[in-house]
Amino acid sequence: MTVVLDTLVAVRRTAMDLLARREHGRVELTRKLRQRGAPPEMIETALDRLTEEGLLSEARYLESFVSYRARSGYGPARIREELSQRGLLRADIDLALRECGISWQTQLEDTWRRKFAGHLPIDARERAKQGRFLSYRGFSMEMISRLLSGRDLDD
């Protein structure tokens, strides 16, 4: 049974149902409500009210998303790109990544150990393979190079 989103109450209820499942950004929530057939003017009104009430928060969404993706083994570059694609402002993304309290070096090492069992590359081919994987995951080439050469980041 589909819900008809032709009233402000119905739009708000649907938005709250989506927010109850997980945090959403405003752009993402707008897109989902539009897909469900809600009129744009009602969406804006409902989301403005949810924001005023503290039920919709970009900061909370950023914190949640960064934490989730980092736990999944992704680095800051990949997370930054994914959030940009979701319509969030670059400055807000950078602030969230700085204030998240995650040690990206530790994340890199954990991701590398899970994938490669902590074995440093023995030849150029294996080094390239490990580097490509970690780069795809969103870690910087400088961090990857230091890890794969066996040097500490503090050198």
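A few notes on this one:
- Residue among 96, 128 that is aliphatic (A, V, I, L, M), closer than 30 Å to residue 16 by Cβ and either out of contact with any Ser or Thr (no Cβ under 8 Å at 6 or more places or on another chain) or at pLDDT below 95 (or both): 96
- All positions within region 1-38 that are over 19 Å from residue 59 (Cα atoms) and assigned to a loop (DSSP other than H, G, I, E, B): 1, 2, 3, 4, 5, 6, 7, 36, 37, 38
- Residue, nearest to the chain's Cα centre (by Cα), within region 50-73, restricted to residues that are crowded, with 17+ Cβ neighbours inside 10 Å and over 14 Å from residue 94 (Cα atoms): 69
- Boolean, residue 137 is of a type in the set (D, E, K, R), at pLDDT 95 or above, in contact with a Gly (Cβ under 7 Å, 6 or more places away or on another chain) and farther than 23 Å from residue 29 by Cβ: yes
- Selection status of residue 7, polar (S, T, N, Q), touching a residue at least 12 places away in the same chain (Cβ under 8 Å) and either closer than 30 Å to residue 100 by Cβ or in contact with a Pro (Cβ under 7 Å, 6 or more places away or on another chain) (or both): no
- Failed item in (1) touching a residue at least 60 places away in the same chain (Cβ under 8 Å); (2) among the charged types (D, E, K, R); (3) over 21 Å from residue 133 (Cα atoms), with residue 78 passing the rest: (3)
The values are calculated or read from the model by the stated rules, or taken from the named source; none is laboratory data. Just so it is clear, the model here is predicted, and its values are computed rather than measured. Please note: Cβ atoms are built from the backbone with ideal geometry, for glycine as well, and neighbour counts cover all protein chains shown.
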